[in-house]
There are 2 protein chains.
Amino acid sequence: MAQKSKKKPTRVKERKKKVLEALEKLGRDVYDQLAHKEFPKVSLPSRSTSNICYDPVLRQYVLGEKTSIRSARNIRHVRPFTQLIWVASFVHTLIKEGRTSTLRDVYYSAQAYDIEFSDQQESDDIITDLETVISFAREDFNVFPEERSAIFGDLTIEYTVPGYEGRRINLTMHPDGVMIGPALTSAEFVECKADKVIVIEKGAMFTRFIEEGAFKRFNAILVHTAGQPPRATRRLIRRLNQELGLPVYIFTDGDPWGMHIAMVIISGSANAAHLRELTTPDAKWAGVWASDIVKYKLPSDPLQDVDIKRLHELREDPRYSGKLWQREIKTFLKIKKKSEQEAFSRYGLSYIVDKYVPDKLKELG
Amino acid sequence: MAQKSKKKPTRVKERKKKVLEALEKLGRDVYDQLAHKEFPKVSLPSRSTSNICYDPVLRQYVLGEKTSIRSARNIRHVRPFTQLIWVASFVHTLIKEGRTSTLRDVYYSAQAYDIEFSDQQESDDIITDLETVISFAREDFNVFPEERSAIFGDLTIEYTVPGYEGRRINLTMHPDGVMIGPALTSAEFVECKADKVIVIEKGAMFTRFIEEGAFKRFNAILVHTAGQPPRATRRLIRRLNQELGLPVYIFTDGDPWGMHIAMVIISGSANAAHLRELTTPDAKWAGVWASDIVKYKLPSDPLQDVDIKRLHELREDPRYSGKLWQREIKTFLKIKKKSEQEAFSRYGLSYIVDKYVPDKLKELG
């Protein structure tokens, strides 16, 4: 069923190696300082809002120059310093053993080591500190979220997880979509016959695209985000774009929340300003635009106060300064309506695949 | 990759045939009445709470004897009668064409036929009416929910969906778990090497069980419910139990909500009293029990008022009259604590697989 590979995997394993090196460097630095009879300390870029700024070249939020020092010399720092080093050691073991964990699991695991966290928020914060220190996302050190999204298309991957190393599957294999979890995220791309990526917010539309054979017709890899995509999925979309050179089109509901799902895939979030390689700056939001609601006479619901408030916020957001975004925000505020992806079913179940998507792909070039 | 099958699929195709027959009978009855110059009508078992009772033999809620008549003669019935017949015709086409849909999609699709629903609640209710009339769940007539859960284990399935007919995959193929969607739900079971089913509430634990090789050690098929399982997943669990004769063990969080996830898999819900074949009466709730919190000295959180209120409700619920359930409800109320599945990580990541699950399987026989 799955074939053994002959060629050596590269990118993913190399990345894991870099993560291990970063963790080991952190540990060595602590030892070196102790050997020199110094109180060990680490330096962290500050994540306070005053140090988060939008970088128009990278097209994402980044951290500024401010750093803070966490030192074992300072009695108030001893606790978070110890916690940070423990988390680094814990995830180092995870990677070494090819295991994964979740934020919740890390919190409970600490108790096995008599490391105290007063609640999960405290351990989550320390995990973010570690991301900041080593400049890798927690998924890179095997800490995954609960939510899962899915992928489908003519891409052959090769696993790198223990027990499956070298095995390959093609992502058209399961017509309900292939789950994006730790094993898929850490897989190498071996062969891809698709020439674009279509990212879809809703499960109903994802299934529709598979059933209607849209992946063949558009020669596309389909990614189902299940709402705001987990970061592992955002990184996977970036890899499809950067490693395979595939253009990315994002289809969401036609409302400020759907629009923002697209934006976070394209330009990331302020929360992840301390990280790179989660964004896909060249990805395109392909709809449902406010202007589509008018153009296709879609069934719609009136915007609620909370939607309107959100639109006003987004209008001022530096990520939304582009022409398309400003035009669509303006149109939403003018028509005061929103529509879901499923609204196209109004013209029959296959309309979205037969008419809307081809029109959009043509329009966006 | 996937092999072509030689033998004819049976159970699933036969079931779809029965659903089609039930829909066609409904249509023929309407035509016959019209041919006899009668106003067409349908008879529906009443779903009012006074007509829902617990059947201790079936070990699930069922509808009583009361029925109501929906007749085109009654001006107030014309609208829901027309809607019902349209939904029946729409899903008949879905099955014929091997397509699926969602509740939301059905709501929008109606507009293509000039059938009016004032909101989605109205179309959802009509879909439930159709379930009641033909005694099949909406998943049987290809209307699926958004949520997806997952399965993993040594079971080979054969697809029946268009484009994949006769293709087979083994459910150990993707180590993130195989999504339970329309294609998996409608697949035939071809060969199973596992001898039990372990149902798991949390994604973290599901991944842990795969990573630690627990599916091999316990020779089990793993099912991830992702909280309260969608009905398609409940039916799949039932099929694993009834078609393959596998015992089913359910592991949830140790709180009233986890306990109730197990109960709904075992005995169903009052909402689905009009349906059969969604329950697995012989499945066992294997933990986390309240008594496990004490026995294993698990990290815990205090019960909230809402948890305590829920426990008092469940204590009076006829589904909870068994000894184990009453004992555990009493223990929860006594210790006033709850614990999550991940709490076992307190003893190391593999403790749950090395110690807890083997103990439990032994205890439950």
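The values are calculated or read from the model by the stated rules, or taken from the named source; none is laboratory data. Bear in mind that the values here come from a model prediction, so they are computed numbers and not experimental data. Cβ coordinates were reconstructed from backbone atoms using ideal geometry, including for glycine residues, and neighbour counts include every protein chain displayed. Areas reflect the complete protein model, heavy atoms only, side chains present, ligands, DNA and RNA absent. Shrake-Rupley method; radii C 1.70, N 1.55, O 1.52, S 1.80 Å.
Here are the numbers:
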| quantity | calculated |
| --- | --- |
| Within chain B, percent of DSSP bridges classed antiparallel, to nearest 5 | 65 percent |
| Residue-averaged 222 nm ellipticity for chain A, from DSSP H runs of 4+ at -39500 (n - 2.57), nearest 500 | -13000 deg cm²/dmol |
| Nearest-ten-degree value, helix A:120-134 long axis tilted from longest Cα axis of chain A | 90 degrees |
| Between helix B:11-35 and chain B: long-axis angle, C-alpha atoms, 0 to 90°, nearest 10 | 30 degrees |
| Positive minus negative residues near A:Val248 (Lys, Arg vs Asp, Glu; Cβ under 12 Å) | +3 |
| Shape parameters for region B:11-144, alpha-carbon atoms, Rg then Dmax in Å | 15.3, 45 |
| Where B meets A: accessible area buried, both sides, 1.4 Å probe, Å² | 4600 Å² |
| Sulfur and carbon atoms: percent of accessible area, the protein assembly as shown [1.4 Å] | 51 percent |
| Where only alpha carbons of region A:258-365 are counted, the Rg and the Dmax (Å) | 14.8, 45 |
| Teacher prompt: B:Gly27 distances to equivalent labels in other copies, 7 Å Cα→Cβ, nm | 6.8 |
| Accessible surface, per residue, of the protein assembly as shown when the full set of protein chains is kept, probe 1.4 Å, Å² | 43 Å² |
| Rounded, prolate or oblate (a/c below 1.5 giving rounded, otherwise prolate when a/b exceeds b/c) for region B:198-309 by Cα gyration tensor | oblate |
| Between region B:315-365 and region B:107-126, the Cα center-to-center distance that results, in Å | 43 Å |
| Distance (nanometres) between label positions extended 7 Å along Cα→Cβ at B:Asp305 and A:Glu122 | 2.7 nm |
| Among A:Lys297, A:Lys338, A:Lys16: highest mean-square fluctuation, GNM of chain A, C-alpha pairs under 10 Å | A:Lys297 |
| Exam field: A:Gly213 pseudo-label spacings to other copies (7 Å along Cα-Cβ), nanometres | 4.5 |
| Where A:Arg138, A:Arg217, A:Arg346 fall by accessible area, highest first, once all protein chains stay in place (1.4 Å) | A:Arg217, A:Arg346, A:Arg138 |
| Distance from region A:222-295 to region B:144-186 (C-alpha centre basis), Å | 27 Å |
| Helix axis angle, B:75-97 relative to chain B longest principal axis, alpha carbon, degrees | 70 degrees |
| Charge sum, other residues only, whose C-beta stays under 10 Å from A:Tyr296's C-beta, Lys/Arg counted +1 and Asp/Glu -1 | +2 |
| Tensor-based shape of region A:38-108 (alpha-carbon gyration tensor, a/c under 1.5 rounded, otherwise prolate or oblate) | oblate |
| Solvent-accessible area of B:His274 with every protein chain in place, 1.4 Å probe, in Å² to the nearest 10 | 20 Å² |
| Within a Gaussian network of chain B (alpha carbon springs, distance under 10 Å), most fluctuating of B:Glu21, B:Glu342, B:Glu313 | B:Glu313 |
| Occluded residues from region B:148-185, i.e. those whose accessible area drops by 50 Å² or more once the chain is not alone (1.4 Å probe) | B:Arg148, B:Tyr164, B:Met173, B:His174, B:Pro175, B:Asp176, B:Met179 |
| Charge tally in the Cβ shell below 13 Å around B:Ile52, where Lys, Arg are +1 and Asp, Glu are -1, B:Ile52 excluded | 0 |
| Taking only Cα atoms of chain B, radius of gyration then Dmax in Å | 22.4, 74 |
| Rounded, prolate or oblate (a/c below 1.5 giving rounded, otherwise prolate when a/b exceeds b/c) for region B:108-197 by Cα gyration tensor | prolate |
| Using alpha carbons only: equivalent-ellipsoid semi-axes of the protein assembly as shown, gyration tensor based, whole Å | 43, 34, 26 |
| Calculated FRET value between B:Asp114 and A:Arg76, using beta carbons and R₀ = 60 Å, to 0.05 | 0.30 |
| Other-copy label distances relative to B:Gly348, 7 angstrom Cα-Cβ extension, nm | 6.3 |
| Of B:Ile151, B:Ile95, B:Ile180, the one that fluctuates the most in a GNM where chain B has Cα springs shorter than 10 Å | B:Ile95 |
| Gained length - B:Leu364 relative to B:Thr49, 0.36 nm times residue gap less alpha-carbon distance | 109.9 nm |
